[in-house]
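Notes follow once the structure below has been shown.
What follows draws every value from the coordinates through simple rules; no lab data is involved. Remember, it's a predicted structure, so these values are computed and weren't measured experimentally. Cβ atoms come from the backbone with ideal geometry, glycine included; neighbour counts cover every protein chain shown.
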Number of protein chains: 2
Amino acid sequence: MKINLERLRKDVEDLSRIGRDPRGGVTRPSFSQADFEARAWLKNRICEAGLYHRQDGAGNIFGRLGADGPTVLVGSHIDTVINGGAFDGAAGVLAALECLRRIKEEGRTLSKPLELVSFTDEEGNLVGDFLGSRAFAGTLSREEINTGLTPFGRPLGTILEGTEFSLESILGAHKERPQLDSYLELHIEQGTTLEMEEISIGIVERIAGKIYRQCSFVGQASHAGTTPLELRRDAFLATADFALRGTQLVATKHYGSMITVGRITAHPGSFSVVPGKVDFTLDLRSSSGDTLRVLDTELREMAADIASTRGTEFFWRAIDRTEPVALSERIIGIMKDECGKLGYSWMALTSGAGHDAQIVAPLAETGMIFIPCRDGISHSPEEMIDWKDLETGANLLLQTLLRLAG
Amino acid sequence: MKINLERLRKDVEDLSRIGRDPRGGVTRPSFSQADFEARAWLKNRICEAGLYHRQDGAGNIFGRLGADGPTVLVGSHIDTVINGGAFDGAAGVLAALECLRRIKEEGRTLSKPLELVSFTDEEGNLVGDFLGSRAFAGTLSREEINTGLTPFGRPLGTILEGTEFSLESILGAHKERPQLDSYLELHIEQGTTLEMEEISIGIVERIAGKIYRQCSFVGQASHAGTTPLELRRDAFLATADFALRGTQLVATKHYGSMITVGRITAHPGSFSVVPGKVDFTLDLRSSSGDTLRVLDTELREMAADIASTRGTEFFWRAIDRTEPVALSERIIGIMKDECGKLGYSWMALTSGAGHDAQIVAPLAETGMIFIPCRDGISHSPEEMIDWKDLETGANLLLQTLLRLAG
């Protein structure tokens, strides 16, 4: 049994037209008008395929094949970042749809029910990453969704007004969860490893953990024309030193882990004033929880050293922290086995990006398939794939589903 | 003859109450409501002192003692930055007022007329530094004042509506300029040299030149979790490298010159995205025009080197450029001589900050007196002086005026 690439490609292209952004790419954050249009479109595809459509209180969309019992869940998400691409998330949901459609068409009788899922707001456009899968898993707190403004400037509760959803329904979504046998997800790699190795299949062994920190060096703002260099307490030079030395530390001592300073704000932020305070973000990732903790401690010590050398103070606080997740060895074994039967080359990978799979993994055996994306680019209008890779990945997904449910 | 410190201090304190900002310090940008209030207050002081008050088309305020002929001009400015202090500018205008008041009181007959001046918008709150003195000197172009928005979000022409000033009157101000003999200005140092040396008088020999540049490193935005460190084209690490190496270059090879990166914006500016572009400002200053040009060239080569090493491109453009200005050797000599007679300790200084004096210097022999300010702090609610230093500085200003006009 093989998937129908023509049909799958048409689905991906049709969905990518919903939320097309005149400034480029696809803008389809959850609970936007484009998202509701995409939900209606997906519901039609699910019903046309003869699957049972339902939706939980968090807006997670399901398409079921088979009756009750421990369920083999398969999916991803259809929301995008602002000016995102056509494949991040959508490829996984529509590959899953195509798999269930083929199994239904073939009339194959399976011992376990299969269910397609599209999780709400994987991209964290509202109140943080993985809103839908965390509501599904029951790990979302009332405080997280109740407080603060979304990046759209309104609280989540206000955004939900006039929809069929509410903060209460989101918090209750996990009660509607079926008993799970396992979870599978296909996703674009969002990196360049597969492309550079010219391999179509990445079998994900681990998803990296991360620590997000908001950091500040605080020195003394002073006049750029009259403060001698040796008397300055320049918070930007401290930040520059930290970013370079921190990157060097990871590259030499913790190779394979990641460090990124992505957002930087200097105060007061004027041509002629030495920055007295710089706020910046720190994104640390590693496939090893121990490495992540050691790196975090080493960076704290490095920052303290830089702060004292440069006449500044250093502050940081954790914004988010997730442990690395190991995926199911049994499912990894099945995937390797099926690649052999199908004649597909594959390689084992660690995912540096986060995925709904890491949220579902504590609930059931979980597996992930990566396919290459061009130049490793995602979250961008330039996001692109080779369609043959999607075909290869979806066929592996199909065979893995048949093994798990058969 | 000595100045009356009690009266001068009362003037400084009275003026500092106009534009008092509830968020701290004094906010009195030119052509604001607070500025018009301050102008009326200053006019009253000028008239009370028996000086002849006038105003030119740029809003520069004058108070004249004596008839026609080459004029000894003395002053500074009364505008402030947002949340500025009570002394930057105001100390110079009010010390000049006190000197002319004392000379008038004593009935001293001088061979040359004296004129107090308060220049409009020295701080560049509207369309760039030194609006008033540049209008006075006739070096302001129509394009500069006609285009773009002020930081207050409205074009200068709109801000001037309903006032007695217009773009035309500003551009014509230099036609009202008296024939100049010389110009003197007293100002707070805005640095820590005098305070650390425990010396009350800085005799300014040169005003540093500067180059302002807007710079960008452009690399490639990419996923913070999936892009290996060695494949990144991180525009922030390039910027960090440039700031640190550039500072090292100045500290070792061009000691005494200044380099400052004051404003930094990373794009897209997200936790989990490697910055693909960083825009930043570069402020270079030196008392030597040759050093400034050499440094500028060396930094351009350094940036090109960093750009190629880090897989980025580098762009910059000049925003502003002023040559260093040498002040009058004759006036410097008079000041040193008068310090000796008065028993004041003094030291020669280069001003790293810009002043109206550098704009007037090409028109007439120019001299500047610095007095210490606490911790070198200016442009801040914390700006403070020792009143004895103001007395000392104003007495030197008075004796220098008498020598120049006597």
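For chain A, what is the relative contact order in percent, using Cα pairs closer than 8 Å and at least 6 residues apart in sequence?
Details: 890 pairs, mean separation 92.0, N = 406.
This gives 23 percent for chain A.
Put the label 7 Å from Cα along Cα→Cβ for residue A:230; what are its distances to the other copies, in nanometres, shortest first?
Going from nearest to farthest copy, the values are 4.1 nm.
Place the label 7 angstrom along Cα→C-beta at residue B:47 and in each other copy, then list the distances from the first to the rest in nm, shortest first.
8.4
Grab the residue from chain B whose Cβ hugs the B-to-A rotation axis most tightly, plus its distance in whole angstrom.
Checking which Cβ lies nearest the axis yields B:240, 2.
Rounded to whole Å and sorted largest first, list the principal axis extents of the Cα atoms in the stretch A:1-155.
In descending order, the Cα extents are 49, 36, 19 Å.
Mind checking the alpha-carbon convex hull of the stretch A:209-322 and giving the volume per residue in Å³? Let's see the in-between values first.
Working: hull volume 9.9 nm³, N = 114.
Given the Cα convex hull of the stretch A:209-322, per-residue volume reads 87 Å³.
How much FRET efficiency would the formula 1/(1 + (r/R0)^6) give for residue B:147 and residue A:83, where r is the Cβ-Cβ distance and R0 is 30 Å, rounded to 0.05? Walk me through the numbers on the way to the answer.
Working: r = 31 Å, r/R0 = 1.04.
That pair, residue B:147 with residue A:83, gives E of 0.45.
For A:192, B:71, what ranking results if the residue with the fewest other Cβ atoms within 10 Å of its Cβ goes first? Present the calculation step by step, with values, prior to reporting the outcome.
Values: A:192 19, B:71 25.
Ranked by crowding around the Cβ, least crowded first: A:192, B:71.
Rounded to the nearest whole Å³, what is the per residue volume of the convex hull around the Cα atoms of the stretch B:137-253?
Values: hull volume 30.0 nm³, N = 117.
Enclosed volume per residue, from the Cα hull, is 257 Å³.
With only alpha-carbon atoms in the gyration tensor, what are the semi-axes of the equivalent ellipsoid for chain A, in Å, largest first?
Working: eigenvalues 345, 113, 73 Å².
The three semi-axes for chain A are 42, 24, 19 Å.
For residue B:172, which inter-copy label distances result when the label point lies 7 Å beyond Cα on the Cα-to-Cβ vector, reported in nm to one decimal and in ascending order?
The projected label point of residue B:172 is separated from its counterparts by 7.7 nm.
Which part of the stretch B:1-37 falls in the paramagnetic zone of residue B:164, meaning amide N under 18 Å from the point 7 Å along Cα-to-beta-carbon?
B:30-37
Would you calculate the convex hull of the Cα atoms in the protein assembly as shown and tell me its volume per residue in Å³? Don't jump to the answer; show the numbers that get you there.
Values: hull volume 132.0 nm³, N = 812.
Given the Cα convex hull of the protein assembly as shown, per-residue volume reads 163 Å³.
Using only the Cα atoms of the stretch B:72-221, what do you get for the radius of gyration and for Dmax, in Å?
Final numbers for Rg and Dmax: 18.8, 73 Å.
Where does each of A:52, B:344 land when they are ranked from fewest to most other beta-carbon atoms within 10 angstrom?
On the way: A:52 14, B:344 17.
Ranking A:52, B:344 by Cβ neighbours within 10 Å, fewest first, gives A:52, B:344.
Counting pairwise Cα distances across the stretch B:265-323, what percent come out greater than 14 angstrom?
Numbers: 1122 of 1711 pairs.
In whole percent, the share of Cα-Cα pairs in the stretch B:265-323 beyond 14 Å is 66.
Do any GluC sites (Glu not before Pro) in the stretch B:234-334 lie in a DSSP loop with no more than 10 other beta carbon atoms within 10 Å, and if so, which? It would help to have the intermediate numbers written out before the result.
On the way: sites: B:298, B:301, B:313, B:329; in loops: none.
Of the GluC sites (Glu not before Pro), not one in the loops of the stretch B:234-334 has a Cβ with at most 10 other Cβ atoms within 10 Å.
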